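Asks: Got a structure for you, written out below as C-alpha cells; questions coming shortly.
The values are calculated or read from the model by the stated rules, or taken from the named source; none is laboratory data. Predicted model only: the values in this text are computed from it and were never measured. Neighbour counts are summed over all protein chains in view; Cβ atoms, including those assigned to glycine, are modelled from backbone coordinates with ideal geometry. Keep in mind that these areas ignore ligands, DNA and RNA; they rest on the heavy atoms of the full protein, side chains included. Shrake-Rupley method; radii C 1.70, N 1.55, O 1.52, S 1.80 Å.
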Amino acid sequence: MQDEKDKVKAVLEKWLGKNNADKFGIELGEDKKNLKITVPKDYYKVEDFQLVIYMLARDIINYVLPESVVSFIENFQKDTFS
C-alpha cells in the first residue's frame, strides 16, 4: 500500500510542488477503494483551488488508483478562522 501512497504524493507534488504537497494528509483504505486527502487550511481560500482538486483527482484515478473514490477533506474549527 505504501507504493500507492508514494504515487499519490508524487501526483500532489506535480500539481502543488514538493514543499506544499507535504502539508496534505493522505489516508488510503486497506482495500485501496477509498482515498482521503486532508487539505491544510492554508488552501481554503486559494483562488481556483477547486480546479486543482479536480485535476488531482483525475490524475490519481487515471494513473494510480482507477478503482478508488477520492475525497478531499477540509476541517473547520475555531482556530481555522484566526
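Asks: For region 31-65, which residues satisfy the criterion of being touching a helix residue (DSSP H, G or I) at 6+ places or on another chain (Cβ under 9 Å), open to solvent by 80 Å² or more (accessible area, probe 1.4 Å) and either more than 18 Å from Val11 (Cβ to Cβ) or part of a loop (DSSP other than H, G, I, E, B) (or both)?
Replies: Once the filter is applied, which keeps residues that are touching a helix residue (DSSP H, G or I) at 6+ places or on another chain (Cβ under 9 Å), open to solvent by 80 Å² or more (accessible area, probe 1.4 Å) and either more than 18 Å from Val11 (Cβ to Cβ) or part of a loop (DSSP other than H, G, I, E, B) (or both), region 31-65 yields Lys41, Asp42.
Asks: Kindly provide the set of residues from region 66-78 that are small (Gly, Ala, Ser) and in a strand (DSSP E or B), ordered by number.
Replies: Taking region 66-78 and keeping what is small (Gly, Ala, Ser), we get 68, 71.
Within region 66-78, just Ser71 meets the criteria.
Asks: Would you pick out the residues in region 35-67 that are touching a Leu at 6+ places or on another chain (Cβ under 9 Å) and within 25 Å of Asp79 (Cβ to Cβ)?
Replies: The answer is Lys36, Ile37, Tyr43, Val52.
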